[in-house]
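Here the structure comes first, spelled out in structure tokens, and everything after it is commentary.
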Amino acid sequence: MLPLPAPMSLLRSLRPALPILIGASVVLSLSMGLRQSLGLFMTPLTRDIGLRVSDFTLALAVQNLAWGLLQPLAGAWAVRIGYRTTMLVGAVVYVAALGVLATAHGQMAVMLGAGVMIGLSLACTGSAIAMSVATRAVSPAARSMVLGIVSAAGSLGAMIAAPTGQLLTEAWGWRAGVFGFMALAAIMVPAAWIAGRADQVAAPV
């Protein structure tokens, strides 16, 4: 029997890790896609509850700040308590954050939901954690290809989130659009559970 070409043998070596890689890709794709599509709600939200545009953009600035500050802590949590728990916490907080935003009637709720809480969840579900899960699940020879695949998946979430939010907002208002985002964020919970199988893989030396 002829030996398999290198790309084919590499793909075959990924089969045991496919559930982990798919879970990590779904978590990364939705967490980044929902975040990138929040701007859809800026105009209707600010008009409805009487905020300035600068108030909404301030919440997004707080989100970026919280994400950056908490990302090292999320990495430490992943080492200490495991990827599964870290990603599950991030996914659940994401769902709760969108619930807070969907029921907001003032600046504090917007700041908490779209700012602090989504920032925290991004630290636990964003690229740093997802890439760590992906590289831990595969052999060193496959890591470059896997990183490319998972990072490419991170750009697909906006293709789902943006049209969903736009359609729901146009039909039933911005709160329905945020609730639609909430339903998408809920998909991250089982995906995070599956990606958390990486905890069972021996840590690379």
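The values are calculated or read from the model by the stated rules, or taken from the named source; none is laboratory data. Not measured: the values here are computed from a predicted model. Every residue, glycine as well, gets a Cβ built from its backbone with ideal geometry; the counts of neighbours run over all protein chains shown. Side chains included, ligands, DNA and RNA excluded: accessible areas come from the protein's heavy atoms. Shrake-Rupley method; radii C 1.70, N 1.55, O 1.52, S 1.80 Å.
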* Asked: Kirkwood hydrodynamic radius for the chain: how many Å is it when counted over pairs of different Cα atoms?
  -> 17.5 Å
* To do: Heavy atoms only, probe 1.4 Å: what % of the accessible area of the stretch 9-80 goes to carbon and sulfur, would you let me know?
  => 64 percent
* Cβ-based charge dipole, the chain, positive-most Cα from V100, S31, A191 -> A191
* Inter-part distance where the stretch 171-205 and the stretch 21-56 are each reduced to a Cα centre, Å -> 15 Å
* Top mean-square fluctuation among A128, A76, A161, Gaussian network model of the chain, C-alpha springs under 10 Å? -> A76
* For the stretch 106-173, convex hull volume per residue from C-alpha positions, Å³ -> 89 Å³
* Structure fact -> Taking Cα pairs closer than 8 Å and at least 6 residues apart, the relative contact order of the stretch 78-205 in percent is 39 percent
* Asked: Most fluctuating residue of V146, V53, V116 in a GNM of the chain with Cα springs under 10 Å: which is it?
  -> V53
* To do: Please give the net charge around A59, taking every other residue with its beta carbon less than 14 angstrom from that of A59, where Lys and Arg add +1 and Asp and Glu add -1.
  => +1
* Using the Cα centre as the reference, give the magnitude of the dipole from point charges on the C-beta atoms of the chain (Lys, Arg: +1; Asp, Glu: -1; all else neutral), rounded to the nearest 20 debye. => 460 debye
* **Label point 7 Å beyond Cα of R52 along Cβ direction - residues of the stretch 94-109 with amide nitrogen under 15 Å** => 107-108
* Using θ = phi - 60° and Karplus 6.51 cos²θ - 1.76 cosθ + 1.60, couplings along the stretch 141-150 (whole Hz; Gly, Pro as x) -> 5, 9, 5, 4, 5, 5, 4, x, 5, 5
